[in-house]
Amino acid sequence: MKRAKKVEGSKTTMTELIMPNDTNPLGNLMGGNLMHWMDIAGGICAGKHCEAHVVTASVDHVSFQHPVKLGSVISINAVVTRAFNTSVEVYLEVYVSDFAGLNTVKSNHAYMTFVALDDENRRPIEVPQLNPITPGEIILFESAKRRREVRLILSGRLKPEDATDLKSFFQDFK
Ligand SMILES: CC(C)(COP(=O)(O)OP(=O)(O)OC[C@H]1O[C@@H](n2cnc3c(N)ncnc32)[C@H](O)[C@@H]1OP(=O)(O)O)[C@@H](O)C(=O)NCCC(=O)NCCS
C-alpha cells in the first residue's frame, strides 16, 4: 500500500479574472466556463495527491447561487477529502470577490471524483490513502463513503441493496 498523504500537500487554489469572453449576453460568467475551471483545479489537486495523471470520473450536483459579474475575481479551492482504491474525491469551493478583493461571497461548491491512471496502459492504478487531521478534514473524510455510494448507485455501478454505508446512514434516522 502507498504511504498516506496529508490534505495540505495537494490543496490547490485557482484564481481567475472574469473577462468578456467568459460571460453570457447578460455579462455574467457562463456556468460551463466555471465548471471547466473547477475541473482543472480539481484535476490538479487530485493529480498532486495521486502523483499520476487523473481523469474525471464524475461530477456531483453543482448549483449556481449567485451570478458572477464581468470583472469579478473567482477563487476555486480544491482539497482531496478521501482516497479509495484507484479514485479520489475532491471537494471544491468557489468564492467571488470584486476587483479590489472585497465583498467576497461563496458562489458554489461541488464534489468531483478523479481516477488515477498509469502512464503506459492508461488503466486505473492504486492511489495513496489520505490522512485527515483537522476536525473539518475528518468530517469530509467520514462522509465521503456515503457520497461515493450515492454516485455509484446513480451511475448504475452499485445496486442500492448493496450500499452498506447508506443503509446505516438511514438507519440512524429511524
Ligand atoms: C473512469 C474510468 C477510468 C473508470 O474505468 P473502469 O474501467 O470503469 O475502471 P474501474 O471499474 O476499475 O473503476 C475505477 C474507479 O473509478 C470509479 N468510478 C468509475 N465510474 C465512476 C463514477 N461514475 N463515479 C464515481 N466513481 C467512479 C470506481 O469506483 C473505481 O474507483 P475505486 O477503485 O477507488 O473503487 C473510465 O470510465 C474512463 O476512462 N472514463 C472516462 C474519463 C474521462 O475521459 N473523463 C473526462 C470526460 S470528457
One point scatterer per Cα, no solvent, Debye formula: log10 I(q)/I(0) for segment 5-133 at q = 0.12 Å⁻¹ comes out as -0.47
Got a sec to turn the phi values of segment 141-147 into Karplus ³J(HN,Hα) couplings, 6.51 cos²θ - 1.76 cosθ + 1.60 with θ = phi - 60°, whole Hz, x for Gly and Pro? 5, 5, 6, 4, 5, 5, 4
With +1 on the Cβ of every Lys and Arg and -1 on the Cβ of every Asp and Glu, and nothing else charged, how large is the dipole of the chain about its Cα centre, in debye rounded to the nearest 20? 360 debye
With unit charges on the beta carbons (Lys and Arg positive, Asp and Glu negative) and the dipole taken about the Cα centre of segment 5-133, which residue among VAL94, MET14, VAL55 sits farthest to the positive side? VAL94
Take the Cα of MET35, step 7 Å along the line toward its Cβ, and report every residue of segment 59-81 whose backbone nitrogen sits under 17 Å from that point. 59-68
Which of LYS69/LYS106; LYS5/LYS48; LYS6/LYS106; LYS6/LYS48; LYS145/LYS167; LYS48/LYS145 have a Cα-Cα distance over 19 Å? LYS6/LYS106; LYS48/LYS145
Going through segment 92-157, which trypsin sites (Lys or Arg not before Pro) have at most 13 other Cβ atoms within 10 Å and a DSSP loop state? ARG122, ARG157
May I ask for the angle, rounded to the nearest 10°, between helix 31-50 and the longest principal axis of the chain, with both axes built from Cα atoms and the value confined to 0 to 90°? 40 degrees
Of the chain, which part is the longest with no chymotrypsin sites (Phe, Trp or Tyr not before Pro) in a loop (DSSP not H, G, I, E, B) and with at most 14 other C-beta atoms within 10 angstrom? 100-172
Along the charge dipole of the chain, pointing to its positive end and built from +1/-1 on Cβ of Lys, Arg, Asp and Glu, which listed residue (LEU166, ASN121, PHE84) has its Cα farthest out? LEU166
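Read-outs throughout are calculated quantities, based only on the coordinates presented, and are distinct from any laboratory measurement. Quick caveat: nothing in here was measured; it's all calculated off a predicted structure. Quick reminder, even Gly has a Cβ in these numbers, built from the backbone with ideal geometry, and neighbours come from all protein chains shown.
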